[in-house]
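Peer 1: Let me give you the structure first, and then I'll get to my questions.
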Amino acid sequence: MSVTTISHWINNKVFPGSSSNTAPVTNPATGETTKQVSLASVEDARAVIDSAAAAFPGWRDTSLTKRVEVLFRFRELLNERKAELAEIITSEHGKVVSDALGEVTRGQEVVEFACGIPHLLQGGYTENASTKIDAHSAHQPLGPVAIISPFNFPAMVPMWFFPLAIAAGNTVVLKPSEKDPSASLWIAELWKEAGLPDGVFNVLQGDKVAVDELLTHRSIKAVSFVGSTPIAQYVYSTGTAAGKRVQALGGAKNHAIVLPDADLDLAADAMVNAGFGSAGERCMAISACVAVGPIADTLVEKIAERTRTIKTGDGTKNSDMGPLVTKVHRDKVKSYVDAGEADGATIVVDGRDVNPDGGADGFWLGPTLIDNVTTGMSVYRDEIFGPVLSVVRVNSYDEALDLINDNPYGNGTAIFTNDGGAARRFQNEVEVGMVGINVPIPVPMAYFSFGGWKNSLFGDTHAHGKEGIHFFTRTKAITTRWLDPSHGGLNLGFPQNA
Ligand code: NAD
């Protein structure tokens, strides 16, 4: 039986490319291969990059009024039709449809922020900086830029970047994850319908071959990458060595501290929502709950009660949590549960025994709660990226803080407490980029910037918000005079104000 091939997109149409390499795309709830995705050759990658390069001069010179018209239309179309996109995401990623809709809505916020681009791009102007000389600054686009995205948010993560990149006058090559590539083409069709000119938004499907070409091709001026830490490090070092501006967001190990004075019912709700939402395949998922002092037994009981009520199943049905993205990934996550058990941790709720509401060959693992986890265990040390919540017991706030600050990752964290002083101390002392005070998944709004510290981000610029505008533009300072008799005479000295 022949399966549909998901290909590239250039000049506002599908581009099949010349490579015959493909990868299977599966429905995680059934285990079936439903499609295949093209894996670009170097020639294919160059054709897509050329499309973005050819469109750049025209798009750069398109007025802000016209650019914003297109952005508004894109926002309206997305808002009307986002349910279609959510279903596509569920069919390839596995997350439940309501969660997929949530990701699209968070991405849409960045489109809405980008609609304010005339204000965001405004430069400064100073009259008479020197006698009859004026100075101004302008924020100009970079050129063709690349966005390389992970499997876990096939719509939202690309939308952290491309609305602002396009609004600022750049052209884009999106390289989606090969695990769930269809969302990218749906988005490309929507841009076309919104009136975006040919070549401004392009899609390149593929693997390392495609990524390497994006990192080294001279036409690509900047790279926004999101994925695991080892690949983020590789992308950052290769891209910057080739002279590109790079922001590379990496992996995570997010801790939530629960202090003894916290409302334990609300904290337990939050642990379950943040630990098992999207089957733990979120870079902001809580994977380590740090229970401080005597509350640990009660907290674990409350989390366990709630965890047992979670319905695991096909995301298109009435389930709370879907399958994992691939069989390989499910087996890897499961192996961490096995390792935790072998290392002496207590398996309180065992997701390996799950009885899901979905296909027999789906990539299932139920929510798993593990207590008495210690820092030497691999279930604590490594990013697992699955529905596994570890509880680490400590005696004091200081011990909890040290645990987080000693961790190589610094993406998100949270504290649960009713003590304002403790919360304030935490937000000041913790070495993590995004902090929640009684908020378990503190993903910033579009007008703030998203990004972690330490091994969770390479580069110095976070995504969207003001930092996003900064990343996708270069600043130029312009000094102007209109010749006047007072400017006459020869003077070889260094220009000074007068
Ligand atoms: P991944 O690193 O395997 O893949 C990310 C991208 O890199 C994909 O487009 C993939 O095709 C490409 N890639 C994979 N191997 C490559 C190689 N050897 N050379 C060049 N490119 C390669 O990540 P994933 O499994 O798709 O996504 C999950 C990871 O992403 C987790 O580590 C998660 O924490 C991270 N993530 C981080 C954030 C954040 O904001 N920090 C957000 C979402 C996901």
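Peer 1: Consider only pairs whose beta carbons are under 7 Å apart and that are at least six residues apart or on different chains; among these, list those whose first residue lies in the stretch 233-258 and is part of a loop (DSSP other than H, G, I, E, B) and whose second residue is near the ligand (Cβ under 10 Å from one of its atoms) and charged (D, E, K, R).
Peer 2: Listed by first residue and then by second, the contacts come to Gly251/Glu383; Ala252/Glu383; Lys253/Glu383.
Residues are listed down the side, and each one gets a yes or a no for (1) away from the ligand (no atom under 15 Å from the Cβ); (2) surrounded by 14 or more Cβ atoms within 10 Å (Cβ to Cβ); (3) closer than 18 Å to Leu249 by Cβ:
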{"residue": "Ile415", "(1), (2), (3)": "yes, yes, no"}
{"residue": "Gly420", "(1), (2), (3)": "yes, no, no"}
{"residue": "Ile441", "(1), (2), (3)": "no, yes, yes"}
{"residue": "Ser449", "(1), (2), (3)": "no, yes, yes"}
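Peer 1: Of Glu127, Glu87, Glu92, Glu80, which residue is under 23 Å from Thr4 (Cβ atoms) and open to solvent by 50 Å² or more (accessible area, probe 1.4 Å)? If you could, list the steps in order and put the result at the bottom.
Peer 2: On the way: Glu127 fails: under 23 Å from Thr4 (Cβ atoms); Glu92 fails: open to solvent by 50 Å² or more (accessible area, probe 1.4 Å); Glu80 fails: under 23 Å from Thr4 (Cβ atoms).
None of the other options fit; the residue is Glu87.
Peer 1: Answer yes or no as to whether Asn273 is more than 15 Å from the ligand (Cβ to nearest atom), open to solvent by 10 Å² or more (accessible area, probe 1.4 Å) and within 22 Å of the chain's Cα centre (by Cα). Spell out how you get there, then give the answer.
Peer 2: On the way: more than 15 Å from the ligand (Cβ to nearest atom): yes; open to solvent by 10 Å² or more (accessible area, probe 1.4 Å): yes; within 22 Å of the chain's Cα centre (by Cα): yes.
Here the answer is yes, as Asn273 does meet what is asked.
Peer 1: Scan the stretch 248-277 for residues that are closer than 26 Å to Gly169 by Cβ and in contact with a helix residue (DSSP H, G or I) (Cβ under 6 Å, 6 or more places away or on another chain) and jot them down. Write out each step before concluding.
Peer 2: From the stretch 248-277, those closer than 26 Å to Gly169 by Cβ are 248-249; that's our starting set.
Matches in the stretch 248-277: Ala248 only.
Peer 1: Condition first: surrounded by 18 or more Cβ atoms within 10 Å (Cβ to Cβ), aliphatic (A, V, I, L, M), away from the ligand (no atom under 11 Å from the Cβ) and modelled with pLDDT of 95 or more. Can you find one or more residues in the stretch 235-245 that meet it?
Peer 2: There is no residue in the stretch 235-245 that is surrounded by 18 or more Cβ atoms within 10 Å (Cβ to Cβ), aliphatic (A, V, I, L, M), away from the ligand (no atom under 11 Å from the Cβ) and modelled with pLDDT of 95 or more.
Peer 1: Inside the stretch 303-327, can you point out the residues that are among the acidic types (Asp, Glu) and either surrounded by 19 or more Cβ atoms within 10 Å (Cβ to Cβ) or in a loop (DSSP other than H, G, I, E, B) (or both)?
Peer 2: Residues of the stretch 303-327 among the acidic types (Asp, Glu): 305, 314, 320.
Passing the criteria: Asp314, Asp320.
Peer 1: For the stretch 205-221: of the residues being surrounded by fewer than 24 Cβ atoms within 10 Å (Cβ to Cβ) and out of contact with any helix residue (DSSP H, G or I) (no Cβ under 6 Å at 6 or more places or on another chain), which is farthest from Met284 (Cα to Cα)?
Peer 2: Looking at residues that are surrounded by fewer than 24 Cβ atoms within 10 Å (Cβ to Cβ) and out of contact with any helix residue (DSSP H, G or I) (no Cβ under 6 Å at 6 or more places or on another chain), I get Arg218.
Peer 1: I'd like the full set of residues that are over 25 Å from Val290 (Cβ atoms) and among the charged types (D, E, K, R), limited to the stretch 220-266.
Peer 2: Narrowing the stretch 220-266 to residues over 25 Å from Val290 (Cβ atoms): 220-227, 230-248.
If the condition is that a residue be over 25 Å from Val290 (Cβ atoms) and among the charged types (D, E, K, R), then Lys221, Lys244, Arg245 are the ones that fit.
Peer 1: Output the number of residues of the stretch 425-439 satisfying the condition of being part of a loop (DSSP other than H, G, I, E, B), open to solvent by 40 Å² or more (accessible area, probe 1.4 Å) and touching a Phe, Trp or Tyr at 6+ places or on another chain (Cβ under 9 Å). Don't jump to the end; show me each part of the working.
Peer 2: Keep residues of the stretch 425-439 that are part of a loop (DSSP other than H, G, I, E, B), which gives 430-433, 438-439.
Cutting the leftovers down to open to solvent by 40 Å² or more (accessible area, probe 1.4 Å) gives us 431, 438-439.
Among the residues that remain, those that are also touching a Phe, Trp or Tyr at 6+ places or on another chain (Cβ under 9 Å) are: 431, 438.
Adding up the residues that qualify gives 2.
Peer 1: Answer yes if at least one residue in the stretch 24-37 is in the same structural domain as Ala463 (by TED's automatic domain parsing) and assigned to a helix (DSSP H, G or I), and no otherwise. Outline the logic, then answer.
Peer 2: Here is the first cut: in the stretch 24-37, the ones in the same structural domain as Ala463 (by TED's automatic domain parsing) are 24-37.
Subset that is assigned to a helix (DSSP H, G or I): none.
No, the stretch 24-37 contains no residue that is in the same structural domain as Ala463 (by TED's automatic domain parsing) and assigned to a helix (DSSP H, G or I).
Peer 1: One residue is enough: does the stretch 131-143 have a residue meeting the conditions away from the ligand (no atom under 16 Å from the Cβ), of a type outside the set (D, E, K, R), more than 20 Å from Ala45 (Cα to Cα) and at pLDDT below 95? Spell out how you get there, then give the answer.
Peer 2: Going through the stretch 131-143, the residues away from the ligand (no atom under 16 Å from the Cβ) turn out to be 131-143.
Then keep just the ones that are of a type outside the set (D, E, K, R); that gives 131, 133, 135-143.
This time we only want the ones that are more than 20 Å from Ala45 (Cα to Cα), so: 131, 133, 135-141.
After this cut, where a residue has to be at pLDDT below 95 as well, the list is 131, 133.
Yes, there is a match, as at least one residue in the stretch 131-143 is away from the ligand (no atom under 16 Å from the Cβ), of a type outside the set (D, E, K, R), more than 20 Å from Ala45 (Cα to Cα) and at pLDDT below 95.
Peer 1: Continuing with this model, one more query. Is it true that Ala183 is open to solvent by less than 10 Å² (accessible area, probe 1.4 Å), closer than 24 Å to Glu467 by Cα and either within 16 Å of the ligand (Cβ to nearest atom) or not in a helix (DSSP H, G or I) (or both)? Write out each step before concluding.
Peer 2: Values: open to solvent by less than 10 Å² (accessible area, probe 1.4 Å): yes; closer than 24 Å to Glu467 by Cα: no; either within 16 Å of the ligand (Cβ to nearest atom) or not in a helix (DSSP H, G or I) (or both): yes.
No, not satisfied.
The values are calculated or read from the model by the stated rules, or taken from the named source; none is laboratory data. Everything numeric in this text was worked out from a predicted model, so none of it was measured. FYI the Cβ positions are ideal-geometry reconstructions off the backbone, even for glycines, and counts take in every protein chain you see. Please note that ligands, DNA and RNA were not included when accessible areas were found on the heavy atoms of the full protein model with its side chains. Shrake-Rupley method; radii C 1.70, N 1.55, O 1.52, S 1.80 Å.
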